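See structure below.
The values are calculated or read from the model by the stated rules, or taken from the named source; none is laboratory data. Worth saying up front: this structure is predicted, and the values here are computed from it rather than measured. Here Cβ is always computed from backbone atoms with ideal geometry, including for glycine, and neighbour counts include all displayed protein chains. Side chains included, ligands, DNA and RNA excluded: accessible areas come from the protein's heavy atoms. Shrake-Rupley method; radii C 1.70, N 1.55, O 1.52, S 1.80 Å.
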Amino acid sequence: MLVLGFESSCDETGVALVKVPEQGAPQLLAQALHSQISMHQAYGGVVPELASRDHIRRVLPLTREVLSQAQVSLQDVDVIAYTQGPGLAGALLVGAGVAVALAAALEKPTLGIHHLEGHLLSPFLSADAPEFPFVALLVSGGHTQLMRVTEVGHYEILGETIDDAAGEAFDKSAKLLGLPYPGGPHLAKLALSGDALAFTLPRPLLHSGKPDFSFAGLKTAVLTQVKRLGDSPSDQQKADLAAATQAAIVEVLVKKSMLALKQTGLKRLVVAGGVGANSLLREQLNAACAKRGVRVHYPELSLCTDNGAMIAMAAAMRLQRGVATLQPGQAGAGGFE
Ligand code: KG4
Ligand code: ZN
């Protein structure tokens with residue numbers, strides 16, 4: 001069975017083709033991605049209207065590219081999957097509209113996939129795929145959650161952010177430091193030459209005893225420091241503040257992940273979402289997990305941020321286990337979230 005997947009929830013247009021074998025793990029045959037980052041950079045963030053229009057421009061050429069890479073014709077595709085939500089409504093409509101139109105023309109079913117399930121299952125695209133059950137740390141631009149995952153479709157939220165997401169904390173702090181959008185990777189790069197101990201920043205809810213998060217206070221503390229530094233902070237001061245911000249976010253993520261592992265008794269951690277690309281987070285999670293005999297899995301670096309492969313993979317894993325309701329040539333019943 002061949003699954004074609006579309007991702008268009010925010011500022012990346014992703015298309016991918018995954019093969020579902022009779023037995024064994026689904027395989028990624030081809031994928032193509034277009035990032036709109038350079039287009040939105042001038043505005044300091046994603047402009048929804050521009051995002052939707054660009055998805056429209058990119059989605060069919062990317063689909064052709066994927067089919068040609070895999071040497072497959074559109075008629076060979078069995079199921080068309082797409083990101084159902086959450087995300088920007090106009091952007092989501094492009095992927096859903098193309099998926100539904102293709103499905104209607106080809107008389108094939110569609111399958112709407114939750115964007116976060118795509119992230120969650122993206123480590124299954126790597127050679128060292130995890131086994132169920134595991135604790136998942138989902139850290140993206142919009143979400144920060146710890147989950148107990150027992151199987152595909154069986155997700156229990158153990159804790160989540162009560163305000164900003166971890167990626168948002170990176171992005172907002174980076175903006176305060178005058179860094180371009182999206183701030184996370186830029187802040188991480190600047191932090192390399194900084195001293196994290198030069199500033200004392202809060203770690204909200206660190207000792208709450210629950211796997212929950214709060215990052216809004218950290219952003220306010222960064223703003224206070226930026227104001228204190230005045231109009232022309234030195235490069236070193238900016239690097240120090242970036243390092244201190246990153247250290248605060250990472251310490252909270254690591255501590256809460258360890259708490260979730262302890263509370264569930266599970267010995268496997270899966271990290272997913274854009275912030276999962278952060279090197280300091282990976283370094284500190286590796287060290288903390290090694291100490292506790294926990295195996296930790298990450299998606300490949302290129303698959304941490306949004307992509308079509310994770311949507312096609314999530315659909316393939318659902319179909320393989322019979323936990324999907326296919327819709328005949330029309331959008332999934334769940335609608336947009
Ligand atoms: O998962 P994703 O692509 O989109 C959402 O579904 O939100 O995550 C994007 C987020 C952004 O906040 C971005 O700044 C952050 O992931 N990010 C990073 C890094 N790479 C991406 N944050 C910290 N360090 C990184 N290396
Ligand atoms: Zn995402």
Report summary line: With Cα coordinates, the longest principal axis of the chain makes an angle with the long axis of helix 216-229, in degrees rounded to 10, of 50 degrees
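By how many nm would the segment from Ala216 to Ala127 grow when fully extended, if each residue of separation counts as 0.36 nm and the alpha-carbon distance is taken off?
28.4 nm
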Report summary line: Stretched fully, the stretch from Thr325 through Ala105 gains (0.36 nm per residue minus C-alpha distance, one decimal, in nm) 77.2 nm
Query raised in the report: Using the Karplus equation 6.51 cos²θ - 1.76 cosθ + 1.60 (θ = phi - 60°), what ³J(HN,Hα) coupling, rounded to whole Hz, does each residue of the stretch 168-178 give in order, writing x for Gly and Pro?
Result: 5, 4, 4, 5, 5, 5, 4, 4, 4, 8, x
Query raised in the report: How far apart, in nm, are the 7 Å Cα→Cβ label points at Lys291 and Ser193?
Result: 3.2 nm
**Report entry** Modelled label reach - Glu160, point 7 Å along Cα→Cβ, the stretch 278-320 residues with backbone N closer than 18 Å
**Finding:** none
Query raised in the report: What's the angle, to the nearest 10 degrees (0 to 90), between helix 308-321's Cα axis and the longest principal axis of the chain?
Result: 60 degrees
**Report entry** Kirkwood hydrodynamic radius of the chain, from inverse mean 1/r over distinct Cα pairs, in Å
**Finding:** 20.5 Å
Requested in this report: Tell me the label-point distance for the pair Ser302, Ser234, using the 7 Å Cα-to-Cβ offset, in nm and rounded to one decimal.
Outcome: 4.1 nm
Query raised in the report: Roughly what angle does helix 235-264 make with the longest principal axis of the chain, taking Cα atoms, 0 to 90 degrees, to the nearest 10?
Result: 60 degrees
Query raised in the report: Around Pro299, with a cut-off of 12 angstrom between Cβ atoms, what is the net charge of the other residues, counting Lys and Arg +1 and Asp and Glu -1?
Result: -2
Report task. Quantify, in whole percent, the carbon and sulfur part of the accessible surface of the stretch 182-295 (1.4 Å probe; protein heavy atoms only). Result -> 54 percent
Query raised in the report: Accessible area per residue of the stretch 115-170 at 1.4 Å probe, in Å²?
Result: 32 Å²
Query raised in the report: Taking the Cβ-Cβ separation of Glu22 and Lys267 as r and a Förster radius of 41 Å, what is the calculated FRET efficiency to the nearest 0.05?
Result: 0.85
Requested in this report: Evaluate the charge dipole of the chain about its Cα centre and quote only its size in Debye, nearest 20, assuming +1 on the Cβ of each Lys and Arg and -1 on the Cβ of each Asp and Glu.
Outcome: 760 debye
Report summary line: Length gained if Leu206 through Leu223 is fully extended, taking 0.36 nm per residue and subtracting the Cα-Cα distance, is 4.1 nm
Query raised in the report: So how compact is the stretch 164-315: Cα radius of gyration and Dmax in angstrom?
Result: 16.0, 51
Query raised in the report: Under a Cβ-Cβ cut-off of 13 Å, what is the net charge of the residues other than Lys108 that fall near it, where Lys and Arg count +1 and Asp and Glu count -1?
Result: -3
Query raised in the report: With all pairs of different alpha carbon atoms counted, what Kirkwood hydrodynamic radius in Å does the stretch 82-234 show?
Result: 18.4 Å
Query raised in the report: Can you list residues whose amide H is under 5 Å from Thr161's amide H, if they're 5+ apart or on another chain and H is modeled 1.01 Å from N?
Result: Thr144, Phe213
